[in-house]
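For reference, the structure discussed in these notes is given below.
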Amino acid sequence: MQRKLPQSNLYLREEELRRGVELLYFAYRDFTSDPDEILAQSRFGRAHHRVLYFVGRNPGTTVSGLLSLLRITKQSLSRVLGQLVEEGYIQQDAGLEDRRQRLLHLTDKGKAFEKELFASQRDRVAEAYKRAGPEAVAGFWEVLLNIVDGDERDTVLRQIEK
């Protein structure tokens, strides 16, 4: 039997805000646990997962585009990207107009690995969506979007609407 959390019109009270933050922490913990197990077998971590995911969603993205999207340092991306390229998950191609640009694509091996990682999260999210219903899902998306920094919301909306 699904336990429903009590609804409250006092959602801006400290205790209610803490409840929401805690739920985000616990949801993130469990959302990442399945792919973490898969990643550990390849000696990769969450940063590798994010790079694989967003290169897969944005084939041909540049290194600078990925840096902007992920908001990580060049040094962090360089280490992670280097491993993924070296192990054959991502290929880098020179840009057509600017040969200094590095365009990133998942290899077949990278696509298969990203698909496996995504499947573990897709199933968890799909089940949560089914249990919550369409109205709750729409509200959840709205809350998440409003957590994103205001100046980044349009970028995020463009990304998720691909």
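The values are calculated or read from the model by the stated rules, or taken from the named source; none is laboratory data. Owing to the predicted nature of the structure, the values given are computational and were not obtained by experimental measurement. We place every Cβ from the backbone using ideal geometry, glycine too, and count neighbours over all the protein chains shown.
Considering only residues that are of a type in the set (Lys, Arg) and surrounded by fewer than 16 Cβ atoms within 10 Å (Cβ to Cβ), look in the stretch 46-84 and name the one that is nearest to ASP108 (Cα to Cα).
My answer is ARG57.
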- Query: Restricting attention to the stretch 104-140, which residues are touching a strand residue (DSSP E or B) at 6+ places or on another chain (Cβ under 9 Å) and either at pLDDT below 95 or among the hydroxyl-bearing types (Ser, Thr, Tyr) (or both)?
  - Reply: THR107
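Given the condition in contact with a helix residue (DSSP H, G or I) (Cβ under 7 Å, 6 or more places away or on another chain) and more than 28 Å from LEU157 (Cβ to Cβ), answer yes or no: does some residue in the stretch 8-27 qualify?
Taking the stretch 8-27 as the starting set, the residues that turn out to be in contact with a helix residue (DSSP H, G or I) (Cβ under 7 Å, 6 or more places away or on another chain) are 8, 10.
Imposing the further condition that a residue be more than 28 Å from LEU157 (Cβ to Cβ) reduces the set to 8, 10.
Yes: the stretch 8-27 contains one or more residues that are in contact with a helix residue (DSSP H, G or I) (Cβ under 7 Å, 6 or more places away or on another chain) and more than 28 Å from LEU157 (Cβ to Cβ).
Name the residue, out of GLY139, GLY133, GLY82, GLY150, that is at positive phi, over 14 Å from the mean Cα position of the chain (by Cα) and not polar (S, T, N, Q).
GLY133
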- Item | Some residue of the stretch 85-92 being surrounded by 12 or more Cβ atoms within 10 Å (Cβ to Cβ), more than 17 Å from the chain's Cα centre (by Cα), in a helix (DSSP H, G or I) and not basic (Lys, Arg) | yes
